[in-house]
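Visitor: Okay, here's the structure, questions in a sec.
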Amino acid sequence: MGVLNVTPDSFSDGGRYADPGRAVERARQMADEGADLIDVGGESTRPGAPRVSLAEELRRVLPVIRAVRAELRLPISVDTTKAEVAARAIEAGAELVNDVSAGLGDREMLPLVARTGKAIVLMHRRGTPRTMQRLARYGDVVRDVKRHLERRVTAALTAGISRDAIAIDPGIGFAKNLRHNLTLLAHLDELATLGVPIVVGVSRKSFLGRLLGVPLEERVEATVAASLLAVQNGASIVRVHDVAPFARALRVAGAIWAAR
């Protein structure tokens with residue numbers, strides 16, 4: 001999953017791809033590098049980020065989704081917690097909703113996805129971007145995250161979404177400290193028992209910087225390492241900014257795994 005942020009304040013690439021032309025160019029580059037789908041987001045979810053109005057989020061994402069859809073055959077996901085944004089994005093060509101609130105941010109989200117027959121990613125988090133890091137307290141982080149995601153999968157099924165249209169995301173970095181992130185990545189196989197694909201996003205995140213003591217722009221190798229281990233431990237989709245190095249590493253790792 002190639003990340004295409006159309007926000008001015010995303011932690012990694014804020015402001016670079018707000019113009020639809022530049023966004024299409026970047027999407028095409030990621031497709032050439034090996035991306036299987038493009039994730040378009042119009043509201044930053046970095047720690048401390050403010051909320052964006054419905055009108056502003058629509059203004060950011062819809063032209064980009066339309067432009068990318070016109071140019072590429074790859075599936076497009078929309079990274080949003082708002083049902084109206086998801087609905088308009090689906091009309092514009094999106095096929096998957098990547099909801100960091102797992103349908104809790106807008107009670108219309110799950111019924112919308114069910115009604116349109118699209119797919120959804122349900123992510124674990126606590127609070128909002130402004131409050132989540134104060135809520136990183138767990139008895140057993142794997143058990144607690146799994147229970148939450150199990151409840152959200154049940155809610156999605158109850159809303160009428162088919163099981164094969166549901167994926168889960170442990171929410172690396174969302175209301176998690178360094179130890180929580182590492183523990184979740186090491187135990188993705190326990191989340192896999194929920195019977196739906198797992199999406200993992202570790203790309204350039206701050207916990208990698210804390211491990212290595214390096215700034216954001218020097219976290220590519222760390223992202224590749226953590227993403228490969230996530231796949232080995234059960235992830236089906238990895239969400240990355242740097243598609244080419246991960247795609248190449250995955251080809252090599254896949255060949256070695258296959259040789260077993």
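The values are calculated or read from the model by the stated rules, or taken from the named source; none is laboratory data. Note that this is a predicted model, so its numbers are computed, not measured. Counting neighbours? That spans all protein chains shown, and the Cβs are built from the backbone with ideal geometry, glycine included. Remember, those area values only see protein heavy atoms, side chains included, never the ligands or the DNA or RNA. Shrake-Rupley method; radii C 1.70, N 1.55, O 1.52, S 1.80 Å.
Visitor: Can you list the lysines whose alpha carbon is less than 16 Å from that of residue 82, not counting same-chain residues fewer than 8 positions off?
Guide: Within the straight-line cut-off, residue 82 pairs with 118.
Visitor: Can you work out the FRET efficiency for the pair residue 73 and residue 178, with r the C-beta to C-beta distance and R0 = 45 Å, to the nearest 0.05?
Guide: Efficiency, rounded to the nearest 0.05: 0.70.
Visitor: Among 200-206, 186-192, 137-143, how do they line up from the highest to the lowest mean number of other beta-carbon atoms within 10 Å?
Guide: Highest to lowest by the protection proxy: 200-206, 186-192, 137-143.
Visitor: While we're on this one: Magnitude of the Cβ-charge dipole of the chain, K/R +1 and D/E -1, about the Cα centre, nearest 20 debye?
Guide: In debye, rounded to 20, the chain gives about 600.
Visitor: Hey, another quick one. With an 8 Å cut-off on Cα pairs and a minimum separation of 6 or more residues, tell me the relative contact order of the stretch 1-150 in percent.
Guide: Numbers: 253 pairs, mean separation 28.6, N = 150.
Once divided by the residue count of the stretch 1-150, the mean separation gives 19 percent.
Visitor: Hey, which lysines would be in cross-link range of residue 176, C-alpha to C-alpha under 22 Å, not counting anything within fewer than 8 residues on its own chain?
Guide: Filter leaves 146, 205.
Visitor: At R0 = 41 Å, how high is the FRET efficiency between residue 91 and residue 256 if r is their beta carbon distance? Nearest 0.05 is fine.
Guide: Details: r = 43 Å, r/R0 = 1.05.
Efficiency, from the Cβ-Cβ distance: 0.45.
Visitor: Quick one: net charge of residue 69's neighbours, Cβ under 12 Å, K/R +1, D/E -1?
Guide: -1
Visitor: Roll a 1.4 angstrom probe over the protein heavy atoms and tell me the percent of accessible area of the stretch 1-159 that is carbon or sulfur.
Guide: Here it works out to 46 percent.
Visitor: Sticking with this structure for a sec: Calculate, for the chain, the solvent-accessible area per residue in square angstrom, rolling a 1.4 angstrom probe over the heavy atoms of the protein chains.
Guide: So the chain comes to 45 Å² accessible per residue, rounded to a whole number.
Visitor: So how strong a dipole does the stretch 199-260 carry about its Cα centre when Lys and Arg Cβ are +1 and Asp and Glu Cβ are -1, to the nearest 20 debye?
Guide: 160 debye
Visitor: For residue 209, what charge total do you get from the other residues with a beta carbon under 11 Å from its beta carbon, if Lys and Arg give +1 and Asp and Glu give -1?
Guide: +2
Visitor: Can you tell me the alpha carbon radius of gyration of the stretch 19-154 divided by the globular rule-of-thumb value 2.2 N^0.38 Å? Mind showing how you got there, number by number?
Guide: Values: Rg = 15.7 Å, N = 136, 2.2 N^0.38 = 14.2 Å.
Taking N as the residue count of the stretch 19-154, the ratio is 1.10.
Visitor: Just how many % of Cα pairs in the chain lie over 34 Å apart, if you round to the nearest whole percent?
Guide: Counting every Cα pair in the chain, those more than 34 Å apart make up 10 percent.
Visitor: Going through the stretch 75-156, which GluC sites (Glu not before Pro) have at most 16 other Cβ atoms within 10 Å and a DSSP loop state?
Guide: Of the GluC sites (Glu not before Pro), the ones in loops of the stretch 75-156 whose Cβ has at most 16 other Cβ atoms within 10 Å are 108.
Visitor: Right, another one. Over what distance in Å are the Cα centres of the stretch 110-163 and the stretch 20-47 separated?
Guide: Here the answer is 24 Å between Cα centres.
Visitor: Before anything else, pin down the relative contact order of the chain: Cα pairs under 8 Å, at least 6 apart, normalised by residue count, whole percent.
Guide: 16 percent
Visitor: Over the stretch 213-260, one equal point on each Cα, no solvent: what is log10 I(q)/I(0) by the Debye formula at q = 0.22, 0.24 Å⁻¹?
Guide: Cα-only, vacuum Debye calculation for the stretch 213-260: -0.78, -0.89.
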